[in-house]
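The values are calculated or read from the model by the stated rules, or taken from the named source; none is laboratory data. Here the structure is a predicted model, which means the values were calculated and not measured. Ideal geometry is used to build each Cβ from the backbone, glycine not excepted, and the neighbour counts take in all protein chains shown. Just so you know, the surface numbers come from the protein's heavy atoms only, side chains and all, with ligands and any DNA or RNA stripped out. Shrake-Rupley method; radii C 1.70, N 1.55, O 1.52, S 1.80 Å.
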Amino acid sequence: EELKSIGLVLTTDQALLYDTSRANCLSMRKTCESGALSDLVKCQSTDNELVLELQPRVVMPAGRTFQFLVQGYNARKPIAAAALNRWHFMTRKADSERTTLDEKASIPGINLIDPILVKSIVPQGTKVMTIENYVTITLVLAAPVDPRATLRISHPMVFRRTASAAFQGALVTTGGSFPRQVNKTISLNLIELVAIEETIPANEDLQITLAMSNPELSPSRAENYWSFQTSSTASGQKQILSAHYNASGFKIFGEFSLAYVTGTVYSPGKINVMAVWFVLKSELKQTPSSRMRIWMPKGYIPCPQCGKPNLVGSCGDETLFQLKYNPNRDGVKNQFPKETRFVELPSGSDCFEHYDPNSGLHYIEISQLQRLDYGLDYAFEFGVRNPMVDPPAGQNVWRFETIMRGVILHLRRSVDGITLEQLKVAQVSPAYTTSLLALNRLEISMMSDKQITGGSKIRVFAPQGFSFTCAFFRTEVLSSTTTCFVSPKPDKRNVAEFTIDSMDPQDPNTLFKLIVTVSNPEFSPEMNTWSFEIQNALKQVYDSRTGVQGFDITGRVQVEIRPRFPFLDERNPLEVVFVQDTIMNQAENGNELVLTAPEGWVFPINCTSRFKLRMTNERTQALAAPSVGQGEASYDAFTFPPPGVTCTGYGNQTVTVRMPDGAGLLKNNYTITVDVDNPGYVPNSTNFWMFETRVRPPGRGQRNVDANIEIPGFLLRELASVVTEEGGAGPLLGCRSLALLALAAFATHSNQWRIDL
């Protein structure tokens, strides 16, 4: 710099060094003015030692005055001897030996005095540009001040009363325990209250109310402090008795006439284009330090540079940050009023994302702002990623700020956020749950509370192990021109994509079904949840649902239903012979067998009269029967059925057999005997019974083990009445009667198959 000032031409290396040093200097100046000072000087204190460490590239020139302000705590008691009240300063190099450069010891310290407790500084108005404002101060002295007693108050200069203020009454009033006779003097930002005849008491609330005017911007934190000092001339000389030189002042803010946010995508965890609408009550002037910040609730994460594409971690290949608001998006709920004439942000405005580690909140900051006028409806858009769940109650609020010279100018807290939504209906209903079953018919039921536009894509994500195919695909409600696509890649076959015809939009709250085929895995997936999403033509997700509980994959249990009295409207003792595919573990509590009849059959609530669970093979059952031993050494090695097996009917088509805790079923051939009430008519529905084994531990849901949902039933017939003649001999059965009985017996067992014992 000095070489250039005297007209010398710099060499190439000198010019490069000059440009680099100048850029670093300008960057440091900017940090010093509006950034974090810790980026320049690191401050660390240990007990009564304070160390200021210059950061890399920061240099302190010789012969320059260096001043700094740091907060700390005074000693609890005055230092007894003046010789001990000394301070020690030194500078040292950053080498390993910490070589001392300059040093000065025995610098006289400060004399401690009693503190003044400032309980509160409460303004009547906190709005900027308030011409007439009253501020009430409440303080307590630690020591009384004898007359002539003086209380001196100093406040930030920007709060001095303006010439246009027209206050009614006194500019300074006192209350509480303050003396009644007080002389009051005001000079700019200094106020002196002098009690000539009375003592200003200690340990009592003293109130002073000042007439002030609010500036257009709150002072910075370093400037926004008040000072209080008491002194007395009772001894003939002025003596300072107590003080408080750094009482934090109050902040003032501009106001937003209104502030709203809305979104385009309300689905958890998805990319969302948020829209912001605000109106200022006072202008934000164009300065290099003018900013606007939008603070988000916890969980929301802004996209890099608010939604610019082709960046690390960007939210897609589309520009989401827009200076203007688009009110014409299709299928968007809670849009801002279309009749409002929105104004876009000034051209050249930049947007960057930030994170505050102290609060754990993300925010965006818009810089390079030109003047924002008051009374205009500004609106713009930016990109965020929604959280997976709504923030806790009371925390789903946004905060708007405008900043000038590092100080908040306009502030609006508690702007209501959006409530995340999912598809109203998202269900999967399999025809079968059998392991490794190919071409299983699957019904997918969906309903959205949003308009589904033509050309939208519906994507269904099954757990790993399932494999979709578009064979036999069809729809209900949706047009038959809806298409189905499944990737040929093996690791992508658990995702099915359905495209709605562009001429087939669906109104909100329309229930529709997608019927597709899927191959079941061998076992139930560990992460057994399904996900659904609806994308518009631009591949933007606008509705979704995740974590939909899937169905358990079951083995196939072999079952035969044997009726013992298959007559209409009669009680029928059934024998249910079954062999399960999977053992029921005795270590699990809540093992159950569930039999469901077709429509018309009813299991009585009290089903225990003829209920029995046994092994089908009588010889095996005889070995498992309770043994009868003698002596204390005798015990049952194995008993079946275990004591405590229960049968529960519900007065409907279902009966449940529950094993006692600590009991299960090995893979074997078993028979259940249970009563069922036959219907009084021949049902015209499908005559299939259903049998399943499951585990239902107390209070912990349900897990299906094996199932068979298409067990052939049996035919019902009418019970014939017997006609007798008194005193006559019974007629012999003819050939025709014998033939009818044979046909009936064949009809009874025509739909049965036998399990070898």
Computed for segment 187-299: size of charge dipole around the Cα centre, +1 on C-beta of each Lys and Arg, -1 on C-beta of each Asp and Glu, debye to nearest 20, value 980
Kirkwood Rh over alpha-carbon pairs of the chain plugged into Stokes-Einstein at 10 °C, 1.306 mPa s gives a D in µm²/s of 44
Taking Cα atoms, the helix 12-34 axis meets the longest principal axis of the chain at an angle in degrees (rounded to 10) of 80
Rg from C-alpha atoms of segment 47-98, normalised by the globular rule of thumb 2.2 N^0.38 Å, equals 1.52
Working note, segment 269-312: Cα radius of gyration (Å, one decimal) and Dmax (Å, whole number) are 14.0, 38
For the chain, dividing by residue count, accessible area per residue (probe 1.4 Å) in Å² works out to 58
For segment 52-148, the dipole about the Cα centre with charges only on Cβ (Lys and Arg +1, Asp and Glu -1), to the nearest 20 debye, works out at 60
Once the mean of 1/r over all distinct C-alpha pairs in segment 416-555 is inverted, the Kirkwood radius in Å reads 15.4
Residue separation between GLN395 and VAL425 times 0.36 nm, minus their alpha-carbon distance, gives in nm 8.0 nm
Note: probe point = Cα of ARG405 + 7 Å toward Cβ; backbone nitrogen < 14 Å; residues of segment 129-162 passing the test are 129, 156-160
Sorted on mean Cβ neighbours within 10 Å (highest first), peptides 700-710, 7-17 come out as 700-710, 7-17
A student applying the Cα gyration tensor rule (rounded when a/c is under 1.5; otherwise prolate if a/b is larger than b/c, oblate if not) would label segment 15-126 oblate
With Cα coordinates, the longest principal axis of the chain makes an angle with the long axis of helix 735-749, in degrees rounded to 10, of 20
The extension gain from ILE107 to ARG371, computed as 0.36 nm times the residue separation minus the Cα-Cα distance, is 90.0 nm
Stokes-Einstein D for segment 644-712 (4 °C, 1.567 mPa s, Kirkwood Rh from Cα pairs), in µm²/s, comes to 89
In terms of the alpha carbon gyration tensor, root eigenvalues a ≥ b ≥ c, rounded if a/c is under 1.5 and otherwise prolate when a/b exceeds b/c or oblate, segment 512-578 is prolate
Straight-line reach check, LYS539, cutoff 28 Å on alpha carbons, 8 or more apart in-chain or any other chain, hits among lysines -> LYS270, LYS298, LYS308, LYS324, LYS333, LYS338, LYS424, LYS450, LYS457, LYS489, LYS492, LYS513
For LYS77, counting only aspartates and glutamates whose alpha-carbon sits under 20 Å away and dropping same-chain residues fewer than eight positions off, the answer is ASP47, GLU49, ASP114
Taking r as the C-beta separation of LEU439 and THR319 and R0 as 51 Å, the FRET efficiency to the nearest 0.05 is 0.70
The chain: relative contact order from alpha carbon pairs under 8 Å, six or more residues apart, as a whole percent, is 8
Taking only Cα atoms of segment 343-478, the Rg to Rh ratio with Kirkwood Rh works out at 1.15
Only helices counted: for the chain, with every DSSP H run of 4 or more residues adding -39500 (n - 2.57) and the sum spread over all residues, [θ] at 222 nm is -2000 deg cm²/dmol
Once ASP356 and GLU618 are pulled to full extension, the length gained, defined as 0.36 nm per residue separation minus their Cα-Cα distance, is 86.8 nm
Semi-axes (Å, rounded, descending) of the ellipsoid equivalent to segment 207-312 per its C-alpha gyration tensor are 49, 17, 14
Mean projected area, convex hull of alpha-carbon positions in segment 154-250, reported to one decimal in nm², is 7.4
Plugging the Cβ-Cβ distance of SER21 and ILE131 into 1/(1 + (r/R0)^6) at R0 = 51 Å yields, to the nearest 0.05, a FRET efficiency of 0.60
